[in-house]
Amino acid sequence: MKNKISSDKTAGLVLVLIGVLVAIVTSSLKITMKLSPGDPGPRLFPYIAGIGLIICGAGVLFSKEHDKKMLILNKDQWLKFLFLLVVLACYQICLKIFGFLVSTPIMSCILVYILKKQDKVKKLSVVLFSVILTCVIYIAFVKLLSIILPVGLIFGGE
Amino acid sequence: MIQSTLQILLQPTCLAVMLGSVILGIIFGAIPGLTSNMAVTLILPLTFKMTSNLGISTLMSIYVGGMSGGFIAATLVGIPGTPSSIATCFDAYPLSQKGQTTKALAAGTIGSFIGTFFSTLIAIFFCPLIAKVAVKLGPWEYFGLCAMAITLVVSLSKGNMFKGLAAACIGLLLSSVGYAPFDATARFTFHITSISGGINMVALMLGTFAIYQVIINYATDQQKLPDVSNSKISGIGITLQEWKDNIANIIRSFLIGLWIGFLPGMGAGISNLVAYSQSKSASKHPEEYGKGCIDGVFASEVSNNASIGGAVIPMIALGIPGDTVTAIMLSGLMIHGIEPGPLLMTKEPILVYVIFGTLLISAVMTLILQLTGMRLFPKLLMIPYHYLFGAIAIICFVGAYSDTNNLFNCGLMLGCAVFALLMQMAGLPMGPMMLAFILGGQLETNLRRSMMMAKGNPMVFLTRPISCIFLLISLLSIVIPLLKPVLSKAKNAKEG
């Protein structure tokens, strides 16, 4: 219970800070063009969002009711979240360097092994799954729909 | 018009794509943790190079399949496949435990068909009428309408209204990133050219709906389902008397679903619960509800699918999404270069009728597939999560990249997954954020246009009656839930 209340207060405080930051950045926007005299200009909308965040953040901060729906992760769950996020970020880097056709089968295998946890999987099934997934996506996007997929820097891509 | 629509819809390619999409939708709807939102978002990039007619048919078919498929897990394992099938669990699962799995599945299948098919017929009738009125609305009224749509969704944020409003403000803030309308002032771009056109909609949706789900399911170990057998599934199992007894229940649930679907933000996730409780209060045998009563299954499944037609009416006639899936589909239309709104009916009449036709054909396809493939349902729940989520993660990357051919979007998508986690940790609801993000552009454009036309006089929003009504509803939808606890406390103190 204490955890939830303190998370609520933190959330409220962060919302207020974001609102203040938005208002400061908005006030420094450079306006190059002045339209008709009635136009409130491009600053109005971000100001509405920023001030709205300050008011709502204050509302959350001083609210006596605490939210029961907030998600709380323990240390282990945080580590797992960050681990999978980093793995996926590595896939993005691999796509840039090695392209889709090389990176995808390898990453599919890695993802299955990470996501399976304690379940047993056959190596052959994982390899087959990875190859089939890569081929199906490649055929559907590149051959059927003419959508370009990353070629990879080492293969002359951008 | 009808001939041209049929020529498009009855092409073998279109029918095959619709069939595949319906099957995919059913699979996503059936498996807990996967939703039709996620299915529509994942497939959206695949439609970029399709014609707009085929693309929107694909998305609509997934929507219908996904909405219908939710009852499968609700019946077989007592876990709703989607939020729209929560009430289905109350009676379908006990029925299944009593050995009447077939009856529960058949009621879900036929109830879903009745809801989707007939609500679409009503949408076909009402859309042109509403669009005719909507064409006469000016920027003042549109501003009021968009504001009302957002605040109505915010008002559903149970627990803390401030959090719902804060989520909507975040959505507005995200929508203002990039060049401003009219004068192209760069806002919050921080010299990053990849976001000068705004936060990419596909990356945001894939990150918040799909990648976040994959990572959080892994982190919190939500990957196991109980085993189910298909030995008790054969035939239909509903008697003629049960049909007769449920006619009034079906009609009432249908009308509830249609109306709730029509209201912005209040989709199938709410209609199934409202229809279930209404069915129970109107029933001659309310004590049987929750113990395996077929009436409860009909009420929930007819109403949640009737919300499809209800949600499509404002999407087509006004360009305002009725729920999160229609919001995603609306963005799909925009990506295809089609401007949603009341002029859609006059500018793109064939596309509009393709949408209606797809809904009708998909409803029939879903009915046939579910009635004939009932014995396969337990197998759907046995697909290993590690293969499924692995494939989803890869498809997300392909989808995010293929929208702009830029790997920056993949990074943005991962950032959006972290953003979704922070939103959940702060208890901020995703619905208002997404709706505000999608409607933010329209809201700002109409606000600035109105102010320019009124030479800076903000009173114009109140002097025009329709705009004034919309803004009043907006205000009340926020103020009433905020004042309710204060008023009830004062009342209690008076009585005490």
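The values are calculated or read from the model by the stated rules, or taken from the named source; none is laboratory data. Keep in mind that what you see is a predicted model, and the values were worked out from it rather than measured. Positions of Cβ are generated from backbone atoms using ideal geometry, with glycine treated the same way; all protein chains shown enter the neighbour counts.
Please verify whether A:Gly57 is outside any loop (DSSP other than H, G, I, E, B), at the interface with chain B (Cβ under 7 Å from one of its Cβ atoms) and touching a residue at least 12 places away in the same chain (Cβ under 8 Å), treating the condition exactly as stated. Let's see the steps before the verdict.
Details: outside any loop (DSSP other than H, G, I, E, B): yes; at the interface with chain B (Cβ under 7 Å from one of its Cβ atoms): yes; touching a residue at least 12 places away in the same chain (Cβ under 8 Å): yes.
So A:Gly57 passes the test.
In segment B:81-104, which residue that is aliphatic (A, V, I, L, M) and buried (at least 23 other Cβ atoms within 10 Å of the Cβ) is farthest from the chain's Cα centre (by Cα)? Restricting to residues being aliphatic (A, V, I, L, M) and buried (at least 23 other Cβ atoms within 10 Å of the Cβ), the top hit is B:Leu95. If you check A:Gly19, A:Gly12, A:Gly52 for being facing another protein chain (nearest Cβ under 7 Å) and either outside any helix (DSSP H, G or I) or among the small types (Gly, Ala, Ser) (or both), only one passes: A:Gly52. Of all helices (runs of 4 or more DSSP H) completely enclosed by segment B:263-361, which ones contain at least 3 residues that are within 29 Å of B:Asn246 (Cα to Cα)? Because the criterion is at least 3 residues that are within 29 Å of B:Asn246 (Cα to Cα), the helices (runs of 4 or more DSSP H) in segment B:263-361 that meet it are B:268-282, B:294-317.
Would you call A:Lys96 more than 26 Å from B:Thr47 (Cα to Cα) and of a type in the set (D, E, K, R)?
no
The residues of segment A:67-109 that are at the interface with chain B (Cβ under 7 Å from one of its Cβ atoms), out of contact with any Gly (no Cβ under 7 Å at 6 or more places or on another chain) and among the charged types (D, E, K, R), listed by number, are A:Lys80, A:Lys96. Taking the stated definitions as given, is B:Leu388 part of a helix (DSSP H, G or I), of a type in the set (A, V, I, L, M, F, W, C) and either under 29 Å from B:Tyr142 (Cα atoms) or at pLDDT 90 or above (or both)? So B:Leu388 fails the test.
Taking the criterion of being touching a Ser or Thr at 6+ places or on another chain (Cβ under 9 Å) and either within 30 Å of A:Ala11 (Cβ to Cβ) or at the interface with chain B (Cβ under 7 Å from one of its Cβ atoms) (or both), the only residue of segment A:112-127 that qualifies is A:Val112. Pairs meeting the criteria (first residue in segment B:472-487 and over 18 Å from B:Ala167 (Cα atoms), second residue of a type in the set (S, T, N, Q) and modelled with pLDDT of 80 or more, beta carbons under 8 Å, at least 6 apart or on different chains) are B:Ile473/B:Thr151. Remark: B:Ser450 falls outside the filter, which requires a residue to be away from chain A (no Cβ under 11 Å), of a type in the set (S, T, N, Q) and assigned to a helix (DSSP H, G or I).
For segment B:162-185, indicate whether the set of residues that are more than 30 Å from B:Ile238 (Cβ to Cβ), aliphatic (A, V, I, L, M), assigned to a loop (DSSP other than H, G, I, E, B) and in contact with a helix residue (DSSP H, G or I) (Cβ under 7 Å, 6 or more places away or on another chain) is non-empty. The answer is yes; a qualifying residue exists. Entry remark, segment B:452-490: residues being aromatic (Phe, Trp, Tyr) and either within 21 Å of A:Pro37 (Cα to Cα) or touching a Ser or Thr at 6+ places or on another chain (Cβ under 6 Å) (or both) number 1 in total.
Of the set (1) closer than 30 Å to A:Lys9 by Cβ; (2) modelled with pLDDT under 90; (3) at the interface with chain B (Cβ under 7 Å from one of its Cβ atoms), all apply to A:Lys64 but (3).
Of a type in the set (D, E, K, R) and either touching a Gly at 6+ places or on another chain (Cβ under 7 Å) or surrounded by fewer than 16 Cβ atoms within 10 Å (Cβ to Cβ) (or both): which single residue out of A:Lys116, A:Lys123 fits that description? If you could, list the steps in order and put the result at the bottom.
Working: A:Lys116 fails: either touching a Gly at 6+ places or on another chain (Cβ under 7 Å) or surrounded by fewer than 16 Cβ atoms within 10 Å (Cβ to Cβ) (or both).
The match here is A:Lys123.
Close contacts from segment A:133-158, counting a first residue that is on the phi < 0 side of the Ramachandran plot and free of Cβ contacts under 8 Å to residues at least 60 places away in the same chain and a second that is of a type in the set (Gly, Ala, Ser) and loosely packed, with under 15 Cβ neighbours inside 10 Å, with Cβ to Cβ under 8 Å and a gap of 6+ residues or different chains, come to none at all.
If I ask for residues that are more than 14 Å from chain A (Cβ to nearest Cβ) and of a type outside the set (Val, Ile, Thr), which ones from segment B:476-490 would you list? Selection gives B:Leu476, B:Ser477, B:Leu487, B:Ala490. Of all residues in segment B:388-411 being in contact (Cβ under 8 Å) with a residue 12 or more places away in the chain and under 28 Å from A:Asn74 (Cβ atoms), which is surrounded by the fewest Cβ atoms within 10 Å (Cβ to Cβ)? Ranking the candidates gives B:Leu388 first. In the set B:Gly415, B:Gly440, only one residue is out of contact with any Pro (no Cβ under 7 Å at 6 or more places or on another chain) and surrounded by 23 or more Cβ atoms within 10 Å (Cβ to Cβ); that residue is B:Gly440.
Restricting attention to segment B:476-496 and to residues that are part of a helix (DSSP H, G or I) and among the small types (Gly, Ala, Ser), the residue that is nearest to B:Ala149 (Cα to Cα) turns out to be B:Ser477.
Cβ-Cβ distances below 6 Å connect the following pairs, each with a first residue in segment B:362-377 that is among the charged types (D, E, K, R), a second residue that is outside any helix (DSSP H, G or I), and a separation of six or more residues or different chains: B:Arg375/B:Asn230; B:Arg375/B:Ile233.
Within segment B:157-216, no residue satisfies the criterion of being away from chain A (no Cβ under 12 Å) and charged (D, E, K, R). Residues that are of a type outside the set (A, V, I, L, M, F, W, C) and facing chain B (nearest Cβ under 7 Å) were ranked within segment A:31-49; the one that is surrounded by the most Cβ atoms within 10 Å (Cβ to Cβ) is A:Pro42. In contact (Cβ under 8 Å) with a residue 12 or more places away in the chain, of a type in the set (A, V, I, L, M), crowded, with 21+ Cβ neighbours inside 10 Å and not in a helix (DSSP H, G or I) - does that describe any residue in segment B:421-436? Yes, because at least one residue in segment B:421-436 is in contact (Cβ under 8 Å) with a residue 12 or more places away in the chain, of a type in the set (A, V, I, L, M), crowded, with 21+ Cβ neighbours inside 10 Å and not in a helix (DSSP H, G or I). Of the listed requirements (1) over 30 Å from B:Met161 (Cα atoms); (2) surrounded by fewer than 17 Cβ atoms within 10 Å (Cβ to Cβ), A:Glu65 misses just one: (1). Among the numbered conditions (1) in the same structural domain as A:Lys9 (by TED's automatic domain parsing); (2) in a helix (DSSP H, G or I); (3) out of contact with any strand residue (DSSP E or B) (no Cβ under 9 Å at 6 or more places or on another chain), the only one that A:Lys80 does not meet is (1).
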